[in-house]
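Before any comments, here is the structure.
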Amino acid sequence: MPNLKDELHASGWSTGCTCPDTASRKWDKLVLPCLVSSRIYVVDVGSQCRTPRLCKMIEPVDVFWKCNKGYLNVPRSLPNGDILIANMGDPAGNGKGGFVVLDGKTFELKGNWENGCEVPPTGYDFWYQPRHNVLMSTGGVVPKIAFRGFCPEDFKKGVFGRRLNVWNLSCHSLTQCFDLGEDSLPISVKFLHNPEAAEGYVACALSGVVYRFCKCEQGDNWAVEEVIRIPAKDVNGWIMHKMPAFIADLVISRDDKYLYLSNWFHGDIRQYELSKNCKPRLVGQVFVGGSILRCGPVTVCRDEELKCQPEPLVVKCKRVGGGPCKLQLSLDGKRLYVTNSFYSTWDRELYPEMVREGSVMLQIDVDTNKGGLSVNKNFLVDFGKEPNGPCLAHEIHFPSGDCTTEILP
């Protein structure tokens, strides 16, 4: 990128399954909103896949003046072909949810998406379900405070979001909101891939809780219920005496059979089997780093799940630092890819060795029949060896579409 300190965080394709004329369109434009600078890049990765070309750049001042929004995060293509980008704050860094819209053909900034209604106090991720005319969005953080670093004192200051928001997709209006608890920080939300299904899941980073949301049998209202809770661990040698689970990402397989979670603090990736009207069942778990590794600076004093602290992971002679963060699942469900950088400032505070040596991308092999996860010891992308590195890797996408961008019409 031609600018520094953008913080490329989330990314998405400029087209998707819900867009018109999908058969004649290609996944050749990657949309890259910037979390810190609020700049938007559009990159041509289709003309020459090994030499991507920057084809559009929208400057922060345009976003500030036209939308009064900033701190841009998740982009997804809409059914009409436009691109919707969730934002986390206003230009001054105060918390402010909502969305900005790009024209799907010209990539010009069109303005705000919400139809003059109240906007949530914070924003982060979203997913929608066209057949049920609904969009779900999550709360993030107050940028000007949380972006300074992960501070335990912020827990009681309202810095971390706590809402799941329900929007009318066609009217662009906020219709419902759920308070998921103090300092829950819901960040990742996914509907089931079945376009008829009126249900999905939202993961709360700091409370370690996953909620299932579903449409009520009568009317257009929605309901939520807790289905997964990962307990905190009592520790010494960390910034707090209790280390919460930090669910950084949630992915659902294309057949809606399995749900995957990454736990950035504790260091494990979890696989849950989904079944209708039942709580998800844990069928796979693997540790790929984290803050509770044996012989590290943190001692676990009380753990409701583990009998001993996990061993460090070594892949192709490299000890893996950091914790599992962003996930991407192959369309056949057999290969789960993971990176270990969440946000550069928090990385520097919690995993300084990863910042010094660079992050990695790993491949987790998945048993799609009975469930189960294992690290592929023959696969490692080491971003510490980049020419201008070390680098911190976050978002992952496949050029043929993937499980975190494809919304079926």
Q) If you place +1 on the Cβ of every Lys and Arg, -1 on the Cβ of every Asp and Glu, and leave all else neutral, what size is the dipole of the stretch 313-352 about its Cα centre, to the nearest 20 Debye? A) 220 debye
**Q.** Rg and Dmax of the stretch 26-113, Cα atoms only, in Å
**A.** 12.7, 40
Q) If you build a Gaussian network model of the chain, linking Cα atoms that sit under 10 Å apart, which residue out of V42, V381, V209 swings the most? A) V381
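Can I get the semi-axes of the stretch 153-206's equivalent ellipsoid? Compute them from the C-alpha gyration tensor as square roots of 5 times the eigenvalues, in angstrom, largest first.
On the way: eigenvalues 126, 41, 10 Å².
After scaling each eigenvalue by five and taking roots: 25, 14, 7 Å.
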Q) Based on Cβ point charges of +1 for Lys and Arg and -1 for Asp and Glu, what charge dipole magnitude is obtained for the chain about its Cα centre, in debye rounded to the nearest 20? A) 620 debye
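Keeping all protein chains in place, calculate the accessible area per residue for the stretch 315-409 (probe 1.4 angstrom), answer in Å².
Heavy-atom SASA per residue in the stretch 315-409 reads 43 Å².
Quick one: in the stretch 240-304, what % of C-alpha pairs are over 13 Å apart? Walk me through the intermediate numbers first.
Working: 1412 of 2080 pairs.
Above the 13 Å cut-off, the stretch 240-304 has 68 percent of its Cα pairs.
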Q: Largest first and to the nearest Å, give the Cα extent of the stretch 312-409 along each principal axis.
A: 41, 30, 25
Q: Name the residue, out of V224, V314, V142, whose mean-square fluctuation peaks in a Gaussian network model built on the chain with Cα pairs under 10 Å.
A: V314
Q. In Å, what Rg and Dmax follow from the Cα atoms of the stretch 1-156?
A. 15.7, 52
Q. How much length, in nm to one decimal, is gained on full extension between E273 and S173, taken as 0.36 nm per residue of separation minus their Cα-Cα distance?
A. 32.6 nm
Q.
Within 10 Å of each candidate Cβ there may be at most 16 other Cβ atoms; applying that plus a DSSP loop requirement, which trypsin sites (Lys or Arg not before Pro) in the stretch 89-171 survive?
A. K105, R148, K157
Q: Would you please state the base-10 log of I(q)/I(0) at q = 0.10, 0.12 1/Å for the stretch 180-305, with intensities from the Debye formula using one equal scatterer on every alpha carbon?
A: -0.34, -0.48
Q) How do L78, L380 rank by accessible surface area computed with a 1.4 Å probe, from largest to smallest? A) L380, L78
Q) Top mean-square fluctuation among H172, H241, H394, Gaussian network model of the chain, C-alpha springs under 10 Å? A) H241
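For the stretch 247-345, go through all pairs of different Cα atoms, get the mean of 1/r, take its inverse, and jot down that Kirkwood value in Å. Numbers along the way, then the final one.
Working: mean 1/r = 0.0689 Å⁻¹.
For the stretch 247-345, inverting the mean 1/r across all distinct Cα pairs yields 14.5 Å.
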Q | Total formal charge among the other residues, if their Cβ is under 10 angstrom from that of L313, Lys/Arg +1 and Asp/Glu -1 | A | +2
Q | Residue-averaged [θ]222 nm for the chain, counting only DSSP H segments that reach four residues, each worth -39500 (n - 2.57) | A | -1500 deg cm²/dmol
**Q.** Lys/Arg +1, Asp/Glu -1 at C-beta; the stretch 24-89 dipole; positive extreme among L84, V45, F64
**A.** V45
Q | Cα-centred dipole magnitude for the stretch 277-408, charges only on beta-carbon of K, R (+1) and D, E (-1), debye, nearest 20 | A | 360 debye
Q.
If you average the C-alpha positions of the stretch 201-240 and of the stretch 40-58 separately, how far apart do those two centres end up, in angstrom?
A. 37 Å
Q.
So if I restrict to the alpha-carbon atoms in the chain, what is the Rg, and what is Dmax, the biggest pairwise distance, in Å?
A. 20.0, 58
Q: Please compute the Cα-Cα pair-distance distribution of the stretch 359-409 with 5 Å bins starting at 0, giving whole percents from short to long.
A: 4, 15, 15, 19, 23, 13, 7, 3, 1
Q: Estimate the FRET efficiency between C301 and E225 by the formula 1/(1 + (r/R0)^6), using the beta-carbon distance for r and 35 Å for R0, to the nearest 0.05.
A: 0.65
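Of all the stretches in the chain, which is the longest one without any exposed loop site, taking GluC sites (Glu not before Pro) in a DSSP loop (any state but H, G, I, E, B) with at most 15 other Cβ atoms within 10 Å? Intermediate results must be reported in sequence, preceding the final value.
Numbers: sites that count: E108, E118, E182, E196, E217, E304, E305.
Result, exposed sites excluded: 1-107.
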Q) Any idea how far apart N376 and C55 come out in nm if each label point goes 7 Å out from Cα toward Cβ? A) 2.9 nm
Q: Mind checking the full-extension length gain between K110 and R281? Use 0.36 nm per residue of separation minus the Cα-Cα distance, one decimal, nm.
A: 57.2 nm
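The values are calculated or read from the model by the stated rules, or taken from the named source; none is laboratory data. Please read all numbers here as calculations on a predicted model, not as lab measurements. Ideal geometry is used to build each Cβ from the backbone, glycine not excepted, and the neighbour counts take in all protein chains shown. The area values use the complete protein model at the heavy-atom level, side chains included, leaving out ligands, DNA and RNA. Shrake-Rupley method; radii C 1.70, N 1.55, O 1.52, S 1.80 Å.
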